[in-house]
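Novice: Before I ask anything, here is the structure I am working with.
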Amino acid sequence: MIGLSVLTAVALASPDAVCAAPDGYQSMAVTRGHLNAGEAFQAPFGGDCFLGLTPKAFGWVVEIRERGRQENLARLTPPWHFTPNPRYLEGWHFRNAENTAPNDGSVNAPQELREFYFSPEVGRTLHYEGSATSAGVVDDVRSFGRGELTLAEYRLTPFVEGERASFVEILFKACLVWRVSGTI
């Protein structure tokens with residue numbers, strides 16, 4: 001089993017030309033992050049929050065957390081059914097259905113660019129209600145904050161027909177943009 005370690009951003013800049021915030025918003029860029037399988041990542045932002053990549057089977061899950069809360073403030077990022085959620089970075093997303101070649105379209109999954117949304121109101125006034133979750137809830141989350149995580153490079157486990165590929169390592173960058181307010 002690979003040990004768990006927490007890494008922080010190699011370089012942070014806020015704001016920059018690649019990760020600019022419109023009026024009334026702030027931004028933070030993670031210009032270079034590197035993880036090996038099983039490692040975790042955290043980059044603080046906005047006072048009491050952090051962007052995290054938490055290890056899971058086959059890769060990582062993208063999280064936005066606020067100090068003192070267990071809630072993933074990005075968990076209301078759609079889609080919730082049928083297509084893998086962009087917050088989940090899993091190696092098999094980049095392979096074909098048989099795991100014998102790169103993804104040729106036979107696996108419907110997000111690729112290198114992962115977009116997600118977050119708000120401190122998730123779990124407070126904004127809740128997931130299955131198929132009854134309204135577009136308005138998603139719009140409220142999106143209007144507070146958004147993030148983009150881009151995989152610049154990655155290495156996967158070897159091709160083995162019938163198995164799911166996992167990440168061995170990733171090199172990534174990220175951009176967070178959030179509304180200026182008394183919260184977060």
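Novice: Specify which of the listed residues (PRO55, PRO86, PRO79, PRO102) is within 19 Å of LEU149 (Cα to Cα), surrounded by fewer than 17 Cβ atoms within 10 Å (Cβ to Cβ) and not aromatic (Phe, Trp, Tyr).
Specialist: PRO79
Novice: Could you list, in sequence order, the residues of region 15-52 that are surrounded by 17 or more Cβ atoms within 10 Å (Cβ to Cβ), over 18 Å from the mean Cα position of the chain (by Cα) and either in a loop (DSSP other than H, G, I, E, B) or at pLDDT below 95 (or both)?
Specialist: Within region 15-52, ALA21 is the sole residue that qualifies.
Novice: Here's something else I'd like to know. Of everything in region 119-141, what is surrounded by 15 or more Cβ atoms within 10 Å (Cβ to Cβ) and under 18 Å from PRO84 (Cα atoms)? Give them in sequence order.
Specialist: THR133, VAL138
Novice: Can you pull out every residue in region 111-136 that is touching a His at 6+ places or on another chain (Cβ under 9 Å) and either modelled with pLDDT of 95 or more or within 20 Å of PRO44 (Cβ to Cβ) (or both)?
Specialist: Listed by number, the list holds a single entry, GLN111.
The values are calculated or read from the model by the stated rules, or taken from the named source; none is laboratory data. In this text the structure is predicted, and so the values were computed from the model without any measurement. Using ideal geometry, Cβ is built from the backbone for each residue, glycine included, and neighbour counts are taken over all protein chains shown.
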